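Everything below concerns the one structure shown next.
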């Protein structure tokens, strides 16, 4: 028996279900009773229950797309700030996807301090040593754009169900977005004014992530700004 609505805000210790349900992150069981472990949104689907937390730090997981900033350079590669309690480590070979002679090749030629990079988490060991890689096409050093940080816990709302919110932001907002699981988002828009509108929309998503109907509100906001732009 489910005791809350899907996407309902719950608090730690609140009973959200009874019965033989599968549980994921953000909940715990006592017998057949299921309770919320964090403040967040209850998500119920296919006999599975979890709670998406509204606050918290980013903890890297294998396969995550992250947006990082190079903070140190070594003979073996780079150290990357990934907006987490743990730093990321990017080896020459995992970035360039080829063998490298560190004696002959200057790492600063490829990445240097302050560079913004899109990378994939390759591995996280039991000591939270995080290994990164360039992974697939479109990743690597990012040029241009504006980087914005929001709570990593709100990133699912930026994407939306089946990408619905992200589509609204890009299609109606007139921009291109790269969304990192670690709470960093890079915006490419034609004008600084358009970028500012998208930043405002992202901050609103962060504030109102727990309120139903958010995608429609963001759509109306962006459509209203488009009308104002056309009138000026």
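The numbers here are math on the coordinates, done by the rules we state, and not lab data. Just so it is clear, the model here is predicted, and its values are computed rather than measured. Here the Cβ positions follow ideal geometry from the backbone for every residue, glycine too, while neighbour counts run over all protein chains shown.
Structure values in brief
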{"read-out": "GNM result for the chain, Cα springs below 10 Å: residue of 198, 23, 67 fluctuating most strongly", "value": "23"}
{"read-out": "Relative contact order, percent, the chain [alpha-carbon distance under 8 Å, six or more residues apart]", "value": "16"}
{"read-out": "Unit Cα scatterers, Debye sum, the stretch 131-232: log10 I(q)/I(0) for q = 0.13, 0.16, 0.20 Å⁻¹", "value": "-0.46, -0.69, -1.03"}
{"read-out": "Three-way shape label, the stretch 32-98, alpha-carbon gyration tensor, a/c 1.5", "value": "prolate"}
{"read-out": "Cα gyration tensor category, rounded, prolate or oblate, for the stretch 65-141 with a/c compared to 1.5", "value": "rounded"}
{"read-out": "Residue exposure sequence - 147, 153 - by fewest surrounding Cβ within 10 Å", "value": "147, 153"}
{"read-out": "Shape call, the chain: gyration tensor on alpha carbons, a/c limit 1.5", "value": "oblate"}
{"read-out": "Structure-based [θ]222 nm, the chain - -39500 (n - 2.57) summed over DSSP H runs of at least 4, per residue, nearest 500", "value": "-6500 deg cm²/dmol"}
{"read-out": "Among 190, 109, 15: highest mean-square fluctuation, GNM of the chain, C-alpha pairs under 10 Å", "value": "109"}
{"read-out": "Neighbour-count ranking [beta-carbon atoms within 10 angstrom, fewest first] of 110, 74", "value": "74, 110"}
